[in-house]
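Let me begin by presenting the structure, written as structure tokens, before commenting on it.
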Amino acid sequence: MNSSWILSVTTFIYGLAALLYLAAWVFHREGLNRPATWVVGLGVAGNTAGFALRWVESYRMGIGRIPLSNLYESLVFFSLMIAVIYLVVEHKYRQPTIGAFALPLATLSLAYASLAPNVSDRIQPLLPALKSNWLTVHVITCFIGYAAFAIAFGLGAMYLLKRDDNGTGTAALLSAIPPRRVLDELGHQMVLFGFLFLSAGILSGAVWANSAWGRYWGWDPKETWSLITWFVYATLLHARLMRGWRGKRIAVFSMVGFAAVMVTYFGVNYLPGLHSYGAG
Amino acid sequence: MNNNAPRKNRLDALWGFFTSVRLTVVVLLLLAATSVVGTLIPQNASPQAYIQAYGEFAYRLLHVFNIFDMYYSWWFRSLIAILAVNITVCTIHRWPSIWRIVASGKLRTASLEKRRPLTEFSDRHDPRELREGYRACIRRKFPRARLLQEGKGFRVVAERGRWTRLGVPAVHLSIVVILAGALIGSFFGFDGFVNIPEGGSVSQIRLRNSDATLPLGFEVRCDDFDVSFYKSGSPKEFRSSLVILENGRKVLEKDIIVNDPLRYRGINFFQSSYGPMPPKKITLTFTSRDSGRTVRHQVAMGRSVALPEGGGRFTVGEYRRDYRFRGVQVGAAVLGVLERPGQAPAEIALPLRFPTFDRMRKGDWILSVAGLEEAYYTGLQVTRDPGVPVVYAGFVLLILGCWVAFFMSHQKIVVDVRPSAHSSRVKIFGTANRNRLGFENKVRKLGAELSRLSPETQQGESK
């Protein structure tokens with residue numbers, strides 16, 4: 001039993017939780033929401049255990065480093081953050097239907113890590129540039145931000161579905177989705193949270209770059225894309241707070257922002273630059 | 001006198017232009033959209049590469065707009081400058097109204113009661129009995145609380161977090177501070193590099209993006225360079241042992257690795273690259289074809305050595321890292337000229353990996369390279385950026401400002417308690433400038449807490 005195995009199993013646990021939430025929503029079985037939450041809890045435990053065991057394994061291999069340094073490890077941490085933030089949201093707002101939109105994202109992330117043939121789960125030693133305490137701060141803050149944006153994306157999708165609530169056949173399905181006002185406000189909270197952590201991620205990356213390469217900003221494609229993402233969400237915040245945008249426009253904006261996050265995370269690996277560590 | 005008015009109007013119009021949030025939104029979106037271009041088109045490549053990729057015409061067109069170095073172009077810089085002015089003007093414009101609220105001594109809650117109460121309930125006690133318990137409970141959550149007597153009822157007016165309104169100006173200020181720091185760096189800093197061979201020293205560096213050199217005012221010596229590898233073959237550590245010399249005297253010594261630079265007199269030396277230096281000396285062996293006797297000789301590059309038994313002389317030429325012999329890659333090799341009595345001088349190659357390579361020549365003596373002292377040079381990134389502390393101050397302010405602006409709010413509540421038949425009617429009004437949903441939950445919790453307060457136990461506790 002090793003960390004990769006635990007994490008593969010955790011993929012299915014998240015998948016099961018996602019199915020339970022979906023079933024609870026689609027078939028109006030609210031009784032399923034409670035077990036679904038417990039399954040998410042189990043998934044978080046598995047995800048954490050996999051993360052911790054991988055850390056231990058790296059010490060056994062004589063490498064000894066926190067597992068936050070390549071695509072596989074970042075995906076594992078990403079799914080963990082999505083699940084944890086979702087649990088906090090559920091605990092605070094008591095709207096388990098959100099789980100039907102959040103948990104598939106955690107499942108996808110971990111499934112990509114575990115199943116995609118181009119994502120290696122081998123524990124590799126750190127390259128010289130990555131040997132820095134800023135690595136930990138940078139990756140953790142970035143991925144908390146990405147996870148919050150992922151959930152904001154889910155909430156945006158829910159909002160757009162809910163908007164079509166016209167009292168016809170799908171009405172019963174849509175009635176289980178939280179009220180628009182709640183989705184709008186909660187989505188906004190997630191964007192704020194994500195924006196704070198994205199900022200912290202970009203800034204810690206800048207400090208790190210300055211200690212490794214002697215410059216805090218170099219317009220490397222990943223740096224630039226993280227800034228583009230930051231611009232998109234900054235625009236969203238100004239449109240909302242100063243120009244009173246609400247509802248559909250903000251939901252769409254938030255989904256566009258998440259597309260920018262995805263380019264920053266995955267798309268940039270196809271462009272040349274200093275951030276090639278995240279690619280494989 | 002008369003032409004002052006239109007000028008003032010124009011200034012007002014300009015001011016109005018820069019106070020608009022629509023401008024902010026447009027500039028942010030333009031920055032986002034144009035930044036994408038620079039990630040798709042490689043920056044600062046050679047003109048030939050661009051012409052090959054895009055063709056002559058597109059190359060010229062893109063070149064006019066500095067697309068190949070777009071983040072440093074006049075138009076991209078102008079966008080950033082407009083954003084900076086926009087932020088500054090907006091902050092100055094809004095400052096008086098923000099400061100009025102933050103610095104005001106008054107609690108202004110009159111408009112609150114016109115709204116719907118966030119929660120209401122009845123209590124079987126008389127307002128007079130509830131008063132002290134309510135005031136204490138509310139004060140624990142809202143330090144600025146005042147009790148107002150109104151006939152037989154009372155109101156508690158309370159607020160908190162007035163200063164959190166400074167969060168937004170702090171974030172905006174932080175952006176301006178970061179940009180100011182970047183400007184300081186670009187005016188008073190430099191970015192250069194230098195290669196120092198092991199054992200060598202330098203006192204000037206070469207600036208990046210220009211051919212200019214810059215004297216350091218002191219000397220840097222590299223005593224040693226080491227590169228270590230993992231078993232997989234990927235690099236583990238690059239380490240240069242550097243010494244700073246002032247007038248020939250050693251003043252500072254430090255081993256630098258990636259992520260741990262040397263800083264001296266505001267100048268930073270970063271481990272950036274490395275490479276092999278041509279060897280200074282090589283060891284040659286001469287093996288006799290007839291007897292198999294072997295003679296070793298150490299010889300400096302460029303020098304000559306006599307073959308044993310009057311067999312001629314060999315002059316060591318250059319060292320090549322990847323030598324091709326008749327089109328075949330043979331790796332590192334030493335080239336040299338062999339002169340034998342009665343024969344024309346011949347250029348021969350001695351690949352390091354194949355010690356018997358020279359047998360092919362069918363000479364009396366077979367030459368090979370038995371060893372060579374390979375030296376490295378260390379490549380250092382050399383920078384000076386006096387703007388960094390300013391930029392970092394901006395970073396801290398940005399994070400703190402975002403935290404305050406996003407997760408703290410200015411909250412006001414009015415708890416209105418009026419007598420009704422043998423009981424009290426309690427209504428709580430309130431507003432927050434942010435996160436109303438969370439605030440309303442909090443007010444409802446406060447309501448629940450107040451409704452559970454029993455004056456009897458309260459008084460019992462206080463006696």
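Within the range B:367-384, is even one residue closer than 16 Å to A:Ser204 by Cα, under 19 Å from the mean Cα position of the chain (by Cα) and not assigned by TED's automatic domain parsing to the domain that holds B:Asp290? Break it down into steps so the answer makes sense when it comes.
First pass over the range B:367-384, keeping only residues closer than 16 Å to A:Ser204 by Cα: none.
The answer is no; no qualifying residue exists.
Write out, first by first residue and then by second, each pair whose Cβ atoms fall under 6 Å of each other, whose residues are 6+ apart or on separate chains, and whose first residue, in the range B:389-409, is free of Cβ contacts under 8 Å to residues at least 24 places away in the same chain and more than 10 Å from every other protein chain (Cβ to nearest Cβ) while the second is open to solvent by less than 50 Å² (accessible area, probe 1.4 Å) and not in a helix (DSSP H, G or I).
No pair meets every condition.
Does the range B:128-140 contain any residue that is surrounded by 11 or more Cβ atoms within 10 Å (Cβ to Cβ), part of a loop (DSSP other than H, G, I, E, B) and out of contact with any Pro (no Cβ under 6 Å at 6 or more places or on another chain)?
Looking through the range B:128-140, none of the residues is surrounded by 11 or more Cβ atoms within 10 Å (Cβ to Cβ), part of a loop (DSSP other than H, G, I, E, B) and out of contact with any Pro (no Cβ under 6 Å at 6 or more places or on another chain).
For the range A:199-223, which residues satisfy the criterion of being part of a helix (DSSP H, G or I), modelled with pLDDT under 95 and not hydrophobic (A, V, I, L, M, F, W, C)?
Selection gives A:Asn210, A:Ser211, A:Pro221, A:Lys222, A:Glu223.
So that you can scan it fast, the table gives a plain yes or no per residue for (1) modelled with pLDDT of 85 or more; (2) surrounded by 14 or more Cβ atoms within 10 Å (Cβ to Cβ); (3) away from every other protein chain (no Cβ under 14 Å):
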position: B:Thr24; (1), (2), (3): yes, yes, no
position: B:Tyr59; (1), (2), (3): yes, yes, yes
position: B:Met70; (1), (2), (3): yes, yes, no
position: B:Leu112; (1), (2), (3): no, yes, yes
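Considering (1) modelled with pLDDT under 95; (2) in contact with a Gly (Cβ under 9 Å, 6 or more places away or on another chain); (3) assigned to a helix (DSSP H, G or I), say which one A:Leu274 fails and leave the rest.
The single condition A:Leu274 does not satisfy is (3).
Do we find a residue being open to solvent by 20 Å² or more (accessible area, probe 1.4 Å) and touching a helix residue (DSSP H, G or I) at 6+ places or on another chain (Cβ under 6 Å) anywhere in the range B:416-430?
Kept after step one, since they are open to solvent by 20 Å² or more (accessible area, probe 1.4 Å), are these residues of the range B:416-430: B:418-423, B:425, B:427.
So of that shortlist, the ones also touching a helix residue (DSSP H, G or I) at 6+ places or on another chain (Cβ under 6 Å) come out as B:419.
The answer is yes; a qualifying residue exists.
Collect the residues in the range B:168-199 that are under 15 Å from B:Leu380 (Cα atoms) and within 18 Å of the chain's Cα centre (by Cα), keeping them in residue-number order.
Listed by number, the residues that qualify are B:Phe190, B:Asp191, B:Gly192.
From A:Leu196, A:Leu192, A:Leu186, A:Leu227, which residue is assigned by TED's automatic domain parsing to the domain that holds A:Gly154, assigned to a helix (DSSP H, G or I) and modelled with pLDDT under 95?
Working: A:Leu196 fails: modelled with pLDDT under 95; A:Leu192 fails: modelled with pLDDT under 95; A:Leu227 fails: modelled with pLDDT under 95.
Just a single option satisfies the conditions, and that option is A:Leu186.
Looking only at residues in the range A:241-252 that are more than 8 Å from every other protein chain (Cβ to nearest Cβ) and more than 15 Å from A:Gly156 (Cα to Cα), which one is surrounded by the fewest Cβ atoms within 10 Å (Cβ to Cβ)? First the steps, then the outcome.
First, the residues of the range A:241-252 that are more than 8 Å from every other protein chain (Cβ to nearest Cβ): A:241, A:244-252.
In the following step, the residues that additionally are more than 15 Å from A:Gly156 (Cα to Cα) were identified as A:241, A:244.
Working: A:Leu241: 15, A:Gly244: 7.
Looking at residues that are more than 8 Å from every other protein chain (Cβ to nearest Cβ) and more than 15 Å from A:Gly156 (Cα to Cα), I get A:Gly244.
Conditions tested, residue by residue: (1) more than 30 Å from B:Arg436 (Cβ to Cβ); (2) among the β-branched types (Val, Ile, Thr); (3) more than 18 Å from the chain's Cα centre (by Cα).
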residue: A:Leu174; (1), (2), (3): no, no, yes
residue: A:Asp184; (1), (2), (3): no, no, yes
residue: A:His188; (1), (2), (3): no, no, no
residue: A:Phe195; (1), (2), (3): no, no, no
residue: A:Gly201; (1), (2), (3): no, no, no
residue: A:Gly205; (1), (2), (3): yes, no, yes
residue: A:Ala212; (1), (2), (3): yes, no, yes
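Could you run through the range A:89-132 and say how many residues are part of a loop (DSSP other than H, G, I, E, B), more than 9 Å from chain B (Cβ to nearest Cβ) and either among the small types (Gly, Ala, Ser) or at negative phi (or both)? Steps first, answer last, please.
In the first step, residues of the range A:89-132 are kept if they are part of a loop (DSSP other than H, G, I, E, B); the result is A:94-95, A:116-127, A:131-132.
Keeping just the survivors that are more than 9 Å from chain B (Cβ to nearest Cβ) gives A:94-95, A:116-123.
Pick out the ones that are also either among the small types (Gly, Ala, Ser) or at negative phi (or both) and you get A:95, A:116-123.
The qualifying residues number 9.
Enumerate the pairs (first residue in the range A:80-93 and more than 17 Å from A:Ile140 (Cα to Cα); second residue anywhere and modelled with pLDDT under 95 and open to solvent by 10 Å² or more (accessible area, probe 1.4 Å)) with beta-carbon separation below 8 Å, excluding pairs fewer than 6 apart on the same chain, so at least 6 apart or on different chains.
These pairs meet every condition: A:Val89/A:Gln95; A:Glu90/A:Pro96; A:Tyr93/A:Val182.
Within the range B:363-378, which residues are open to solvent by less than 50 Å² (accessible area, probe 1.4 Å) and over 24 Å from B:Ile257 (Cβ atoms)? Please lay out each step first, then the result.
We begin by selecting, within the range B:363-378, every residue open to solvent by less than 50 Å² (accessible area, probe 1.4 Å); these are B:363, B:365-369, B:371-372, B:375, B:378.
Within the range B:363-378, B:Gly363, B:Trp365, B:Ile366, B:Leu367, B:Ser368, B:Val369, B:Gly371, B:Leu372 meet the criteria.
Would you confirm, using the coordinates I've provided, whether B:Glu159 is part of a helix (DSSP H, G or I) and out of contact with any Gly (no Cβ under 7 Å at 6 or more places or on another chain)? Reasoning before the result, please.
Values: part of a helix (DSSP H, G or I): no; out of contact with any Gly (no Cβ under 7 Å at 6 or more places or on another chain): yes.
Judged against the criteria, B:Glu159 is not a match.
Residue-wise test of (1) touching a residue at least 40 places away in the same chain (Cβ under 8 Å); (2) open to solvent by less than 20 Å² (accessible area, probe 1.4 Å); (3) under 18 Å from the mean Cα position of the chain (by Cα); (4) at the interface with chain B (Cβ under 9 Å from one of its Cβ atoms).
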{"position": "A:Tyr216", "(1), (2), (3), (4)": "no, no, no, yes"}
{"position": "A:Thr224", "(1), (2), (3), (4)": "no, yes, no, yes"}
{"position": "A:Phe231", "(1), (2), (3), (4)": "no, yes, no, yes"}
{"position": "A:Ala239", "(1), (2), (3), (4)": "no, yes, no, yes"}
{"position": "A:Ser254", "(1), (2), (3), (4)": "yes, yes, yes, no"}
{"position": "A:Phe258", "(1), (2), (3), (4)": "yes, yes, yes, no"}
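The values are calculated or read from the model by the stated rules, or taken from the named source; none is laboratory data. Quantities reported herein were computed from a predicted structural model and do not represent experimental measurements. Using ideal geometry, Cβ is built from the backbone for each residue, glycine included, and neighbour counts are taken over all protein chains shown. Protein only, heavy atoms only, side chains kept; ligands, DNA and RNA dropped before computing areas. Shrake-Rupley method; radii C 1.70, N 1.55, O 1.52, S 1.80 Å.
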